[in-house]
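Working notes, beginning with the structure itself.
The values are calculated or read from the model by the stated rules, or taken from the named source; none is laboratory data. What you see is a predicted model, and the numbers here were worked out from it, not measured in a lab. Because the Cβ atoms are built from the backbone with ideal geometry, glycine has one as well, and the counts that use them run over all protein chains shown.
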Amino acid sequence: MLKKKHLLGIAELEREEIEAILESAASMKDILKRDIPKVPTLRGKTVANLFFEPSTRTRTSFEIAAKRLSADVVNFSSAGSSISKGETLKDTVRNIEAMIVDAVVVRHSSEGVPHYIASFSKASVINAGDGKHEHPTQALLDVFTIKEKKGYIEGLNIAIVGDITHSRVARSDILAIKKLGGNPIVVGPPTMLPLYVEALEVETAHCIDEVIPHVDVIIMLRIQKERMKSPLFPSIREYSRLFGLNRKKLEKAKKDVLIMHPGPVNWGVELSPDIMDFERNIILEQVTNGVAVRMAVLYLLIGP
Amino acid sequence: MGAILIKGGRLIDPASGRDEVVDILIEGERVSRIAPSIEVQERMEVIDAEGKWVLPGLVDVHVHLREPGYEYKEDIESGSKAAVAGGFTTICCKANTNPVNDTGAITRYIVERAKEVGLCRIYPVGAVSKGLKGEELAEIGDMVANGAVAVSDDGRPVWNSELMRRALEYTKYFGIPVVDHCEDLALSGDGVVHEGKYSAITGLKGIPASAEEVMVARDIILARETKGRLHIDHVSTAGSVKLIEMGKDEGVCLSCEVTPHHLALTDEVIVTFDTDTKVNPPLRGEEHVLAVREALEKGIIDIIATDHAPHGAIDKDVEYTKAAFGISGLETALGVVLKLVNEGALSLKRAIEAMTIAPARIFGLDAGYVAEGGPADIVVVDPDKEWVVDPSRFYSKGKNTPFKGWKLKGKVVITICNGKLVYKNGEVVS
């Protein structure tokens, strides 16, 4: 079981807790395969999705996860809300909490917002992505998916390729993979690795071609639109050629290499369209597993 | 005429080099006698200072009093109370009020409000540029005539190099320093913490050391060329220290300050996302902290200044990236500095010098020393008294301190300003 009331980041989790979540997620996935994929476990509980940043996939995933467990779900998004009328974050959260909720799932562009909310919130806080800091449920579904395919994480070489500096997925993935005994390698242009990348205590490389032959899994990160016009790289064409992935580059890869991506994919930027039907592209399985993992997290935090 | 006799305290006065147990008699607004033993007379209020330190009233050249305009953060009265509770009898307040202190009228308003409050000496620092915009020079002569002792656009750098150059030239006429908050705004961008190990871990956007150093280098080059007087606000990086040392070696007319928080804290504290750790320049990595400590001890960094930046809950009880920069520092400065002294990171004499006579000299103030005939600005400190920082008990309206909960040793017990007891028994006397 989990030791804390909140899921703020992978940094706060111990290996045993991660393993407990993955084990629970496996049971949840069995539920999802049933004819009626719904159980009454969280009946009477209320989950509030507080998304201060646009998101379709993660919000929907949490919503489905909560509903599969029979919790009531309320969705809050900042557009058209009191936030746009100038209400503070604290007031917004307190008002929603005053309507009695058991868990708040938070996505926010500012790092540390889930920690801030946890400092005054009575409900369990689940981090659904805070700025460039962490996205713990994404990392949990990533390691769940890898484990499901490979059977284990221990000793696997796992490349994370792209804009590491601006990626909360990378930060959470690195922590989760390391805690489970895997070996993450971050790959990206020097402008997209943090200047003090050694703080992440992770292997680094700039050239994807040198890394490809040695890895068991390649997690490609999304290049965000707003970065495309910044001086981090000269053009999409050059980025895609140097740091993108295509079938040709994969010729040198291990035969059982897995290709993953947290979505949404920019086809033609980080991933070439010829990867769409690549047989070990498991991007959609990640999405399915996302629901199971989020069910597990909700169950372990606010379940009976 | 009132008389106060401070008996049996250890006078530490770096201006004269004195460090001895003496009696000090204050008559009116001046220190009238310092002697091994002064006989008690009935007309005298006697302060038993045995086992205590007697220091010149502390001088802080970098304070934000927020009045006029932001009285919910601080005002001249609450800021004065915080100052004397922290042992400061002379403070200089920055110009980023609303309206900005960029004309003689605002300067005079501040001076007159300070006199009405009457707890400590307050000297305004005028703006370098109109509206702190960095475009045209403010009316420096008018502000000086009304009591300004320096000019600074602090809160912002003087980003326009030509304007900085002209300010360094023009102020030579008045003999006051141009004080610059060194930050290249393009390099700091929307960064919120030091770019280093902990920005990499937290994902919080970093402000590189170079954002400060590029401007320090520019200012030193301009001061060398113009022979103007430059004072650099809140130095926080090892690179700045090297540049300043080079500048001083070349004879540039240059001084600088460091804050207690940059001496005492590394950026490791940001991992809690506590917005009270958010300050500009940001708390830096360990190598920088060690460099500024060493530079202060050696005198490359001349003085300690608090950059007292009080804020209200609406500025700080928010998301980290949205929170205001700044630390409320007047009431913790001495305790934090003495902690560094107790830990051997600084010498006591140098620490006191850097909070008294050294800043007074740079800003041309008659303060920061204890001598017969000198101003009766004195603070009595109990060096053994242990206390816990509790911001809810601050006189400052700004409760924003990363030192909350810290156990400190050494506390102000009495503050005398201009011959008047303004703080005793843990309370401001008004």
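Some values worked out for this structure:
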read-out	value
Some residue of the range A:131-148 being assigned to a loop (DSSP other than H, G, I, E, B), within 14 Å of another protein chain (Cβ to nearest Cβ) and without any contact (Cβ under 8 Å) to a residue 40 or more places away in the chain	yes
Selection from the range A:121-148 of residues that are assigned by TED's automatic domain parsing to the domain that holds residue A:99 and farther than 21 Å from residue A:55 by Cα	A:121, A:122, A:123
Meets criteria (assigned by TED's automatic domain parsing to the domain that holds residue B:194, assigned to a helix (DSSP H, G or I) and in contact with a Leu (Cβ under 7 Å, 6 or more places away or on another chain)) for residue B:219	yes
When residues of the range B:222-253 are limited to those that are in contact (Cβ under 8 Å) with a residue 60 or more places away in the chain and outside any loop (DSSP other than H, G, I, E, B), the one nearest to the chain's Cα centre (by Cα)	B:231
Which listed residue, of A:293, A:265, A:202, is modelled with pLDDT of 95 or more and either loosely packed, with under 12 Cβ neighbours inside 10 Å or in contact with a strand residue (DSSP E or B) (Cβ under 9 Å, 6 or more places away or on another chain) (or both)	A:202
Contacts under 9 angstrom Cβ, first residue in the range B:362-388 being on the phi > 0 side of the Ramachandran plot, partner of a type in the set (Ser, Thr, Tyr) and surrounded by fewer than 20 Cβ atoms within 10 Å (Cβ to Cβ), 6 or more apart	B:373/B:32
Flag if residue B:114 is among the small types (Gly, Ala, Ser), surrounded by 24 or more Cβ atoms within 10 Å (Cβ to Cβ), assigned by TED's automatic domain parsing to the domain that holds residue B:158 and at pLDDT 95 or above	yes
Selected residue [within 14 Å of another protein chain (Cβ to nearest Cβ), touching a helix residue (DSSP H, G or I) at 6+ places or on another chain (Cβ under 9 Å) and closer than 21 Å to residue A:42 by Cβ] from A:117, A:126	A:117
Residue, surrounded by the most Cβ atoms within 10 Å (Cβ to Cβ), within the range A:28-49, restricted to residues that are in contact (Cβ under 8 Å) with a residue 60 or more places away in the chain and over 14 Å from residue A:71 (Cα atoms)	A:28
Output for the range B:16-46, where each listed residue is crowded, with 17+ Cβ neighbours inside 10 Å, among the hydrophobic types (A, V, I, L, M, F, W, C) and either touching an Asp or Glu at 6+ places or on another chain (Cβ under 6 Å) or under 14 Å from residue B:3 (Cβ atoms) (or both)	B:24, B:25, B:26, B:31, B:34, B:38, B:44
Residue match in the range B:34-50 (condition: hydroxyl-bearing (Ser, Thr, Tyr), part of a strand (DSSP E or B) and more than 26 Å from the chain's Cα centre (by Cα))	no
Wholly within the range A:197-299, helices (runs of 4 or more DSSP H) carrying at least 1 residues that are among the acidic types (Asp, Glu) and within 14 Å of another protein chain (Cβ to nearest Cβ)	A:225-228
Pick from the range A:50-62, criterion part of a helix (DSSP H, G or I) and touching a Lys or Arg at 6+ places or on another chain (Cβ under 9 Å), ranking: surrounded by the most Cβ atoms within 10 Å (Cβ to Cβ)	A:62
All helices (runs of 4 or more DSSP H) inside the range B:260-353 with 1 or more residues being aromatic (Phe, Trp, Tyr), within 14 Å of another protein chain (Cβ to nearest Cβ) and out of contact with any helix residue (DSSP H, G or I) (no Cβ under 9 Å at 6 or more places or on another chain)	none
Subset of the range B:52-88 (residues that are over 17 Å from residue B:110 (Cβ atoms) and outside any helix (DSSP H, G or I))	B:52, B:53, B:54, B:55, B:56, B:57, B:58, B:59, B:72, B:86, B:87
Some residue of the range B:63-81 being more than 30 Å from residue B:98 (Cβ to Cβ), β-branched (Val, Ile, Thr) and buried (at least 24 other Cβ atoms within 10 Å of the Cβ)	no
The range A:149-173, residues that are assigned to a loop (DSSP other than H, G, I, E, B), more than 10 Å from every other protein chain (Cβ to nearest Cβ) and not β-branched (Val, Ile, Thr)	A:151, A:152, A:154, A:155, A:156, A:162, A:163
Test: residue A:296 is within 22 Å of residue A:174 (Cβ to Cβ) and outside the structural domain of residue A:170 (by TED's automatic domain parsing)	yes
Meets criteria (under 18 Å from residue B:96 (Cβ atoms) and in contact with a Phe, Trp or Tyr (Cβ under 7 Å, 6 or more places away or on another chain)) for residue B:155	no
Members of the range A:84-113 found to be closer than 12 Å to residue A:52 by Cβ, at the interface with another protein chain (Cβ under 9 Å from one of its Cβ atoms) and in a helix (DSSP H, G or I), listed by number	A:89, A:113
Enumeration of residues in the range A:287-296 that are among the hydrophobic types (A, V, I, L, M, F, W, C) and in contact with a helix residue (DSSP H, G or I) (Cβ under 6 Å, 6 or more places away or on another chain)	A:291, A:292, A:293, A:295, A:296
Condition check for residue B:237: on the phi < 0 side of the Ramachandran plot and either within 14 Å of chain A (Cβ to nearest Cβ) or surrounded by fewer than 22 Cβ atoms within 10 Å (Cβ to Cβ) (or both)	no
Filtered residues of the range B:117-129 (kept if under 19 Å from the mean Cα position of the chain (by Cα) and either modelled with pLDDT under 95 or of a type in the set (Gly, Ala, Ser) (or both))	B:126, B:127
Flag for residue A:177 being crowded, with 20+ Cβ neighbours inside 10 Å and more than 20 Å from residue A:127 (Cβ to Cβ)	no
Residue within the range B:300-307 that is surrounded by fewer than 17 Cβ atoms within 10 Å (Cβ to Cβ) and not polar (S, T, N, Q) present	no
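To keep it simple, each residue is scored yes or no on (1) part of a loop (DSSP other than H, G, I, E, B); (2) surrounded by fewer than 21 Cβ atoms within 10 Å (Cβ to Cβ); (3) in the same structural domain as residue B:301 (by TED's automatic domain parsing).
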{"residue": "B:368", "(1), (2), (3)": "yes, no, no"}
{"residue": "B:380", "(1), (2), (3)": "no, no, no"}
{"residue": "B:383", "(1), (2), (3)": "no, yes, no"}
{"residue": "B:386", "(1), (2), (3)": "no, yes, no"}
{"residue": "B:392", "(1), (2), (3)": "no, yes, no"}
{"residue": "B:399", "(1), (2), (3)": "yes, yes, no"}
{"residue": "B:402", "(1), (2), (3)": "yes, no, no"}
{"residue": "B:405", "(1), (2), (3)": "yes, yes, no"}
{"residue": "B:411", "(1), (2), (3)": "no, yes, no"}
